[in-house]
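Since the structure comes first, as structure tokens, the remarks are kept for the end.
The values are calculated or read from the model by the stated rules, or taken from the named source; none is laboratory data. The structure presented is a predicted model; accordingly, all values stated were derived computationally and were not measured. Here the Cβ is made from the backbone with ideal geometry for all residues, glycine too, and neighbour counts use every protein chain on show.
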Amino acid sequence: MSSDNIDGLMHHMRAFAQARDWEQFHSPKNLAMAMIAECAEVVEHFQWLTEDQSYRLDDRKKEEVRLELADVFIFLMRLADRLQVDLVQAAYDKAAINEKRYPADRVRGDARRASEYEGFDDGQ
């Protein structure tokens, strides 16, 4: 089944878990742990590569990474679903915070954390 929106995919993943009686295992704690384990599997594909090599994955490796990213996304969506978090709204809210914390005219080309800037004010 394919879905072109977050809500449809979230509903599909919820139904998948319910049909297998897996909701009992999908506590926020367990989903967060599963998600970070999948993130580590993504990282493994890039370990020891140069920056340039990380952009030039062969088709097989890119497919492996694609499926690992899907695992991360699925666990993220399940966690958000169980906690009743609107991921899209949360992302917009966080983007608004980051736009204030990292004004483009002040941080362009600089990768430091916000707290490392002189006069930093964490007005969250």
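List of remarks:
Rundown of residues vs (1) touching a helix residue (DSSP H, G or I) at 6+ places or on another chain (Cβ under 9 Å); (2) closer than 24 Å to V42 by Cα; (3) β-branched (V, I, T); (4) without any contact (Cβ under 8 Å) to a residue 40 or more places away in the chain, yes/no style:
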{"position": "D59", "(1), (2), (3), (4)": "no, yes, no, yes"}
{"position": "L67", "(1), (2), (3), (4)": "no, yes, no, yes"}
{"position": "I74", "(1), (2), (3), (4)": "yes, yes, yes, no"}
{"position": "D81", "(1), (2), (3), (4)": "yes, yes, no, no"}
{"position": "D86", "(1), (2), (3), (4)": "yes, no, no, yes"}
{"position": "Q89", "(1), (2), (3), (4)": "no, no, no, yes"}
{"position": "Y92", "(1), (2), (3), (4)": "no, no, no, yes"}
{"position": "P103", "(1), (2), (3), (4)": "no, no, no, yes"}
{"position": "R106", "(1), (2), (3), (4)": "no, no, no, yes"}
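- Of the numbered criteria (1) closer than 30 Å to Y117 by Cα; (2) at pLDDT below 95; (3) surrounded by 11 or more Cβ atoms within 10 Å (Cβ to Cβ), the one S3 fails is (1).
- Selected residue (criterion: nearest to the chain's Cα centre (by Cα)) from residues of segment 60-110 that are more than 15 Å from I6 (Cβ to Cβ) and not in a helix (DSSP H, G or I): Y102
- Each residue in segment 2-41 was checked for being touching a residue at least 24 places away in the same chain (Cβ under 8 Å) and of a type in the set (G, A, S), and 4 of them qualify.
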